[in-house]
Amino acid sequence: MQVYIPIAVLEEYIEEGTLTKRSLTLDYHTTVRLPAFLTFAIRKRMKEMMKEKIEFIHKHPDEGFERLIGSFWNESEKRVERIEKVEVRNMWVASRYLITDALMRGLYKLYERMKKKGWEGKLLTLSKLEDYGSQGEFAGKRIHRLLRNTPSFPMDEDRRLINIILPHRIHGLIGNNCAFTDFTSFLTYSLLLVYRRTFDPYTQHKYFGDGGVLSKFEADIATWVLNAEMEIENEVVMKIESEDDLKAALRGLLAQYPSTTLGIEHQGLTLEEITRFINAYGLHRLWGANALAKVSQVLEEFEEKGVAKFVDGVWVWRNEK
């Protein structure tokens, strides 16, 4: 069985002599409540891990993954010598490697999926948010409120507690670079992505189908990140919960581009800005894949009423109305 462990983490266990033993200094113990089928999947996987030898993969074949992980700790190019496959003989150590592997692969898959959808933003780190919040009481309150309202992975009632072990460094890495959700939510998301092929058709459709649970969760993350960026830029974002809210927000956006801006500068609302608008307000949660079509419909209604105009690929507000 192969497990991915970042080189910085692997070296610490090698130096301490606890590669296949419990570590009182490097291991972090916590309890999470996961969907029952994921709890059962973790236990099954840990038992399998104890029946076969483990091969540590500390250099991922995908260079993008290597760059991403290396950037978190400013890793050098040095690599440890190849490590022989080892045997794990207790559930504590099995949990350490299983959870680390799932979280690291989940983190990279999130970046990949967000990038493909154009939703990656900058996936703001906790340190960046805290740096902004340190400016004063007002900024601090805003960031505190933002961090208290991160999206959580939707859970059914059939959740079960499970004790897990992972390296302190991995727990800190996730906390600092996944400020957009809580640890249990991100672990749930990661386990679903990593073990996707092992689930039955119903579960796959529920979580991975069009408009499924994962897509909605990713849309919530994208919305939160973009709103966080706007918080830092001192922009106020209203919530859109209906078509009337959408029309009000679009009026405000179009008002920034009166028809007079078409002159020499030829400014107007572009498709790129409309896409950012959709992501920032989380319109995929309301209209799914039809979010852009919904916005286009409202803009066309504005045009029919004579209050908006589409000229040479951009939208403008007809302020004479």
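The values are calculated or read from the model by the stated rules, or taken from the named source; none is laboratory data. Being a predicted model, the structure only gives us computed values, none of them experimental. Cβ placement follows ideal geometry from the backbone for every residue including glycine, while neighbour counts extend to all protein chains displayed.
One table, with the values for the structure above:
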{"quantity": "Identity of the residue in segment 42-57, of a type outside the set (D, E, K, R) and surrounded by fewer than 20 Cβ atoms within 10 Å (Cβ to Cβ), that ends up farthest from D158 (Cα to Cα)", "calculated": "I57"}
{"quantity": "Members of segment 175-203 that are within 23 Å of Q2 (Cβ to Cβ) and surrounded by 21 or more Cβ atoms within 10 Å (Cβ to Cβ)", "calculated": "F186, L187, T188, Y189, S190, L191, L192"}
{"quantity": "Residues of segment 204-259 classified as polar (S, T, N, Q) and either buried (at least 19 other Cβ atoms within 10 Å of the Cβ) or at pLDDT 85 or above (or both), total", "calculated": "5"}
{"quantity": "Residue list for segment 24-39, filter: at pLDDT 95 or above and out of contact with any strand residue (DSSP E or B) (no Cβ under 8 Å at 6 or more places or on another chain)", "calculated": "T25, F37, L38"}
{"quantity": "Which listed residue, of L38, L26, is within 27 Å of D156 (Cβ to Cβ), touching a helix residue (DSSP H, G or I) at 6+ places or on another chain (Cβ under 6 Å) and in contact (Cβ under 8 Å) with a residue 60 or more places away in the chain", "calculated": "L38"}
{"quantity": "Leading residue by the ranking (surrounded by the fewest Cβ atoms within 10 Å (Cβ to Cβ)) among those in segment 120-159 that are more than 24 Å from T275 (Cα to Cα) and of a type in the set (D, E)", "calculated": "E157"}
{"quantity": "Only one of L173, L166 that is in contact with a strand residue (DSSP E or B) (Cβ under 6 Å, 6 or more places away or on another chain), of a type outside the set (D, E) and farther than 29 Å from L283 by Cβ", "calculated": "L166"}
{"quantity": "Of all residues in segment 98-135 being modelled with pLDDT under 80 and assigned to a loop (DSSP other than H, G, I, E, B), the one that is farthest from E231 (Cα to Cα)", "calculated": "G118"}
{"quantity": "Check on T150, modelled with pLDDT of 95 or more, closer than 25 Å to A222 by Cβ and not aliphatic (A, V, I, L, M)", "calculated": "no"}
{"quantity": "Residue in segment 11-21 that is surrounded by 19 or more Cβ atoms within 10 Å (Cβ to Cβ) and farther than 24 Å from S185 by Cα present", "calculated": "yes"}
